[in-house]
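Step one of this worksheet: look at the structure below.
The values are calculated or read from the model by the stated rules, or taken from the named source; none is laboratory data. Just so it is clear, the model here is predicted, and its values are computed rather than measured. In this analysis, Cβ positions are derived from the backbone assuming ideal geometry, glycine residues included, and neighbour counts consider all displayed protein chains. Heads up: the accessible areas ignore ligands, DNA and RNA and are worked out on the full protein's heavy atoms, side chains in. Shrake-Rupley method; radii C 1.70, N 1.55, O 1.52, S 1.80 Å.
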Amino acid sequence: GVTSGNNTFVAVGQSGKILRSTDNGSSFSTVSPYYGGGNSYGVTFGNNTFVGVSNAGRTGRSTDNGTSFSNVNTPLLSYSLNGVTFGNDTFVGVGSTGRTVRSTNDGSSWDNSTVPYPYSSLYGVTFGNNNFVGVGLSGKIVRSTDNGTTWSNSTSGITTDLNGVTFGNNTFVAVGDSGKILRSTDNVSSWNNSTSGITTDLNGVTFGNYTFVAVGQSGKILRSTDNGSSWDNSTSPITTDLN
């Protein structure tokens, strides 16, 4: 995972590795891991705090622009945390078997949230228009309108794994295996299929400058400038998976 805040980029990954850059990603330096015993799968920024999530229910927080991280355990030490986001002064993490956690004190401590689907792992989470939205296994989409305290189902209409979700221009966009892309313009009440033109797995998606960008298997990069309605291939110089 990778995120930015306070003119700093922070990336996390295998074996707890953490990197940071203060020159717009031109160069990176290593940071001591908060949990070296496992992999870090996601990182986000909010309230001048970087928060990362890992397997074994571990999280890390940094209040010095990613220079150092401290380990904070959640109640989910038997579960993997796969994604994390921030909104309304709340950090929300999602993970294996549909588990979710939330923190209202900048990642200093975490509480369990209501588990809507105890057997469907969640791989990604985002925030927009006072909605937290998680996506995952077999097309599962869940939403919370009370800052991650409780969750309800949002019908996706598909059974394909969804790996990432983001928000921009009042639009939620989710991406997944076999080139699947879904979009919602009604605050996650309903979802529509958006033709990607590919059958390659898509692993991540983000938004900036009125453009959605999705990345995936074999170096695939897609872009949309019409709020996810249509997508074009963007030439990638590599064939390595992008996550």
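Observations
- Complete set of residues in region 140-158 that are open to solvent by 40 Å² or more (accessible area, probe 1.4 Å) and either of a type in the set (Ser, Thr, Tyr) or over 22 Å from residue 80 (Cα atoms) (or both): 145, 146, 149, 150, 152, 155, 157
- When region 222-243 is limited to residues that are among the aliphatic types (A, V, I, L, M) and either within 14 Å of residue 178 (Cα to Cα) or open to solvent by 60 Å² or more (accessible area, probe 1.4 Å) (or both), the one that is nearest to the chain's Cα centre (by Cα) turns out to be 222.
- Subset of region 88-113 [at negative phi and among the small types (Gly, Ala, Ser)]: 93, 95, 96, 103, 108, 109, 113
Residues are listed down the side, and each one gets a yes or a no for (1) in contact with a Leu (Cβ under 8 Å, 6 or more places away or on another chain); (2) at positive phi; (3) acidic (Asp, Glu):
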site	(1), (2), (3)
4	no, no, no
10	yes, no, no
15	no, yes, no
33	no, no, no
39	no, no, no
54	yes, no, no
58	yes, no, no
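- Tally, over region 98-145, of residues that are out of contact with any helix residue (DSSP H, G or I) (no Cβ under 9 Å at 6 or more places or on another chain) and not charged (D, E, K, R): 28
- Options 29, 54, 4, 68; residue that is small (Gly, Ala, Ser), farther than 24 Å from residue 127 by Cα and out of contact with any Lys or Arg (no Cβ under 9 Å at 6 or more places or on another chain): 68
- Qualifying residue in region 159-180 (condition: open to solvent by 10 Å² or more (accessible area, probe 1.4 Å), of a type in the set (Gly, Ala, Ser) and closer than 22 Å to residue 229 by Cα): yes
- For region 130-144, filtering for residues that are closer than 20 Å to residue 110 by Cβ and of a type in the set (Ser, Thr, Tyr) leaves 1.
- Region 145-170 residues that are touching a residue at least 24 places away in the same chain (Cβ under 8 Å), paired with ones that are among the acidic types (Asp, Glu) and assigned to a loop (DSSP other than H, G, I, E, B) (beta carbon under 9 Å, 6 or more apart): 147/89; 161/201; 163/201
- Test for residue 97: is it within 21 Å of residue 174 (Cα to Cα), open to solvent by 10 Å² or more (accessible area, probe 1.4 Å) and part of a strand (DSSP E or B): no
- Checking residue 107 against (1) surrounded by fewer than 20 Cβ atoms within 10 Å (Cβ to Cβ); (2) more than 16 Å from residue 16 (Cβ to Cβ), the condition it does not meet: (1)
- Residues considered: 85, 97. Of these, the only one that is of a type outside the set (Gly, Ala, Ser) and out of contact with any strand residue (DSSP E or B) (no Cβ under 7 Å at 6 or more places or on another chain) is 97.
- Checked against the criterion of being open to solvent by 20 Å² or more (accessible area, probe 1.4 Å) and aliphatic (A, V, I, L, M), the candidates 137, 122, 81, 76 yield just one match: 137.
- Residues that are modelled with pLDDT under 95, out of contact with any His (no Cβ under 6 Å at 6 or more places or on another chain) and either closer than 26 Å to residue 172 by Cβ or not hydroxyl-bearing (Ser, Thr, Tyr) (or both) are absent from region 58-74 altogether.
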